[in-house]
Amino acid sequence: MDRKRRILWIDDEITELQSHILFLEHNGYNITTAASDSEGLSILEAGTYDAVLLTHNMPEIDGIRVLSKIKKSRPRLPVVIVAGSDQERAISAAITRHVDDFLIKPVSPGQIASVLTSVFDNSAIEQDYTAQEYVVDFNKRRFLEQQQVVDWRTWIDCYVQMVEWDLRLDELATADDLRETHLLERQECQSLFARYVENHYCDWLVGKDSPVLSVDVIYKHVLPEVQVGKQVLFIVLDCMRLDHWFTIKPLLQPYFDMTTHYYYSILPTATSYARNAIFSGLFPLEIAERYPNLWVEIDEENTSVNRHEKRLMCMQLERHGIVLKPSPQYFKIFDVRGEMEYLQWMNSVPRISLAALVVDFIDILTHKRSEMGLLKQLIPHEAAFRTVVRGWFQHSGLFKILKRLADRGVSVVLTSDHGSILSERPARVSSSQPATNGLRFKLGSEIRVEDEVGLRITDPKRYKLPDDSARKNYVLAKEDYYFVYATQFNDYKDQFVGGFQHGGISMEEMILPCVVLDPR
C-alpha cells in the first residue's frame, strides 16, 4: 500500500475501542474518530476518506440516517455498518441504501481489518471499471477534436459529461492517472470551445440557431412559471458554476422536483454585463441606448454597477404585458444577516407573485480568494472549491429559505449569471491608453493581445456591447489565460496565477444551469 488508507469511524463508544484502533493503525490504516452523527458528518465534509465505519442504533448515532446522507453526497465512498445481532431490520435498510458491507457485534479488530481489505479490493475493481467507462466516454467525445460539425447543444452535453466526471473522480482516492487524462481532455476541449464561440457568438446575437442566452432567462424560464399562477422566487446565485450546482443538488432533492435547463452567458462573462442582461432582457448595448441613466459599465466610484436590477426587471415585465399582484419584489443578500432578514420578511408576507433574490456568496468567495492567503490554502483547486460551496450551502440561511419555500408551496427558479475558471496561464496585453483592471477581460482604447490567448473586439456593436468612443475595444481571455500588462508582466504574473476569474470565454464561465424547483 503506497499510503495509509484513511478511515472515519463513527461510534459513540469510540473511547472504548482504542485497542481496535491501535490494531488497525498498526496494520496500515489512518483512523479518525467521531462520537456522534453531527461530528462525523462535519469531519467527513471537511476531509477526504477512503471508507467509513458506522455503528448503528446508538444513543447518539442513527446509522441508517447517516448512511443515507453519506450516500447522497458521496455515493462511491465505501461504508461499513456495525450492527447488533438483533438488528435485522436495520441491516435490511442498510442494504437498500447501498451499504458496502456490514459486521455483527461483537467484532474483533481482525474482522474489521478483513472487511476493510475486502471493501478496498472491490473498490479497486470499481476503479478499473471506472477507467474503462471513461475511455468509452472519451472516445465518444473525440468527434470534437476531429473537427466534425458541432453546435451549442453538443457543447452543453460535452460539458455536462465532463462535470459529471469531475464529481466521480473526486470520490476516487487513487485515480491520479485518470485525473491527468481528464485534465488534458478538458484543456483540449477548452481550446475548441473558444474557437467555436469566436466563430458563432455573433450569429447567436441575431437569432441564427441561438441557444438561450442571458437576455432570455426570465422570458424562457421564469415567466412561464408565473403565468400559470405559481408563486415564484427567482434566485441568481452569483458566479455559481455547473459543478457547484451538481454539488448542492442532492441537498435539495428531498424538498423539490427539479427540471434542469441550460443556457449561455453573454460576453463578457462579468456581473455588470451578464446579470444586467438577465434582469433587463436586453443586451448591454440596448440598455445603454434605451436607458443611458441605468447603464454603468465602469465602476469608477465604488458604486454598484448592478444597482438598477429591480427597475430593469419591472420594465422587462411591462414589455411583456405582465402585471402582477402583489407587485414584484427584489432583494440582494451579501451576508448571514441578510439571509436572516430575508427569512423574516418571507415569513411575514402571506403571498408573493414574483420575487427576485441575488445571493453574492460564491462571487465574494471567488474574489476574496485571490486576496487572502488563508482562502488560497482552503481552496487550492476545483475539487476543494466544490467542497467549500457545498459546506457553505448546507449550513446557509439560503438553504433554510429554500426549505421554507418548499413548505409554503413556492416554486423556485435557480440560476447563475456567469461562472469562473481556474486561471493558470499569464498572457501579455498592451494598451496605448489606460484600460480596466480585469484579469479575464479589459476594455479601453487600442488594447492588443495575441489571437491564440484572447478575443479582441474592435467592433463592439457587433457583439451588442456599448460603443461610446471611436477607438473603444474589448479583449476577452480564452481557455485558462489571464491578462497581465506587458510592461508589468514579470511583476504580476505570479501574483495572480491559480485564481478563479471570470469575464472571458470558457465552458465554466458560459454554460450555466437554470433549474425549476417545484415543491414536493
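On inspection, Val215 qualifies as modelled with pLDDT of 95 or more and open to solvent by 10 Å² or more (accessible area, probe 1.4 Å). Restricting the first member to region 197-208 and to residues that are within 12 Å of Lys464 (Cβ to Cβ) and touching a residue at least 24 places away in the same chain (Cβ under 8 Å), and the second to residues that are open to solvent by less than 60 Å² (accessible area, probe 1.4 Å) and among the basic types (Lys, Arg), the beta-carbon pairs closer than 6 Å and six or more apart or on different chains are Leu205/Lys464. Cβ-Cβ distances below 8 Å connect the following pairs, each with a first residue in region 281-297 that is in a helix (DSSP H, G or I), a second residue that is among the polar types (S, T, N, Q), and a separation of six or more residues or different chains: Pro284/Asn276; Glu286/Ser280; Ile287/Asn276; Ile287/Ser280.
Residues are listed down the side, and each one gets a yes or a no for (1) touching a residue at least 12 places away in the same chain (Cβ under 8 Å); (2) in contact with a Ser or Thr (Cβ under 8 Å, 6 or more places away or on another chain); (3) on the phi < 0 side of the Ramachandran plot; (4) crowded, with 17+ Cβ neighbours inside 10 Å:
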| residue | (1), (2), (3), (4) |
| --- | --- |
| Ile21 | yes, yes, yes, yes |
| Asn30 | yes, no, yes, no |
| Glu45 | yes, yes, yes, no |
| Val52 | yes, no, yes, yes |
| Lys72 | yes, no, yes, no |
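Considering region 473-508, the residues that are assigned to a helix (DSSP H, G or I) and more than 21 Å from Leu375 (Cα to Cα) include one that is nearest to the chain's Cα centre (by Cα), namely Met507.
Taking region 116-137 on its own, how many of its residues are among the β-branched types (Val, Ile, Thr), modelled with pLDDT under 80 and closer than 23 Å to His26 by Cα?
1
Does region 255-268 hold any residues that are farther than 24 Å from Gly281 by Cβ and open to solvent by less than 60 Å² (accessible area, probe 1.4 Å), and which are they? Answer for region 255-268, where residues must be farther than 24 Å from Gly281 by Cβ and open to solvent by less than 60 Å² (accessible area, probe 1.4 Å): Phe256, Met258. When residues in region 436-472 are screened for being touching a Lys or Arg at 6+ places or on another chain (Cβ under 7 Å), open to solvent by 20 Å² or more (accessible area, probe 1.4 Å) and assigned to a loop (DSSP other than H, G, I, E, B), 3 of them pass. Examine region 513-520 for a residue that is under 30 Å from His221 (Cα atoms), touching an Asp or Glu at 6+ places or on another chain (Cβ under 9 Å), modelled with pLDDT of 90 or more and among the aliphatic types (A, V, I, L, M), and state whether such a residue exists. The answer is yes, given that some residue of region 513-520 is under 30 Å from His221 (Cα atoms), touching an Asp or Glu at 6+ places or on another chain (Cβ under 9 Å), modelled with pLDDT of 90 or more and among the aliphatic types (A, V, I, L, M).
Filtering region 509-520 down to residues that are among the aliphatic types (A, V, I, L, M) and not in a helix (DSSP H, G or I), which residue is surrounded by the most Cβ atoms within 10 Å (Cβ to Cβ)? Ranking the qualifying residues of region 509-520, first place goes to Leu512.
Can you name the residue in region 8-55 that is of a type in the set (Asp, Glu) and part of a loop (DSSP other than H, G, I, E, B) and is also farthest from Ile70 (Cα to Cα) among such residues?
Here is the first cut: in region 8-55, the ones of a type in the set (Asp, Glu) are 11-13, 16, 25, 37, 39, 45, 50.
Within this subset, residues satisfying the condition of being part of a loop (DSSP other than H, G, I, E, B) are 11-13, 50.
On the way: Asp11: 15, Asp12: 18, Glu13: 21, Asp50: 13 Å.
Restricting to residues being of a type in the set (Asp, Glu) and part of a loop (DSSP other than H, G, I, E, B), the top hit is Glu13.
Table: residues versus (1) at pLDDT 80 or above; (2) basic (Lys, Arg).
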site: Leu54; (1), (2): yes, no
site: Met58; (1), (2): no, no
site: Asp62; (1), (2): no, no
site: Lys69; (1), (2): yes, yes
site: Leu77; (1), (2): yes, no
site: Ile91; (1), (2): no, no
site: Ile104; (1), (2): yes, no
site: Val107; (1), (2): yes, no
site: Ser114; (1), (2): yes, no
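Is it fair to say Lys472 is without any contact (Cβ under 8 Å) to a residue 24 or more places away in the chain and among the basic types (Lys, Arg)? In short, no. For Leu252, the conditions (1) touching a residue at least 40 places away in the same chain (Cβ under 8 Å); (2) more than 21 Å from His502 (Cα to Cα); (3) surrounded by fewer than 18 Cβ atoms within 10 Å (Cβ to Cβ) all hold with the exception of (3). Meeting the requirement of 1 or more residues that are of a type outside the set (Asp, Glu), farther than 26 Å from Pro250 by Cα and open to solvent by less than 50 Å² (accessible area, probe 1.4 Å), the helices (runs of 4 or more DSSP H) wholly within region 299-389 are 309-319, 361-371, 373-378. The set of residues from region 9-19 being free of Cβ contacts under 8 Å to residues at least 40 places away in the same chain and surrounded by fewer than 17 Cβ atoms within 10 Å (Cβ to Cβ) comprises Thr15, Glu16, Gln18.
The values are calculated or read from the model by the stated rules, or taken from the named source; none is laboratory data. Note that the structure is predicted; figures quoted are calculated from it, not measured. Reconstructed Cβ throughout: ideal geometry from the backbone, glycine too, with neighbour counts over all protein chains shown. Ligands, DNA and RNA are stripped out before the accessible areas are found, and what is left, the full protein with its side chains, is counted by its heavy atoms. Shrake-Rupley method; radii C 1.70, N 1.55, O 1.52, S 1.80 Å.
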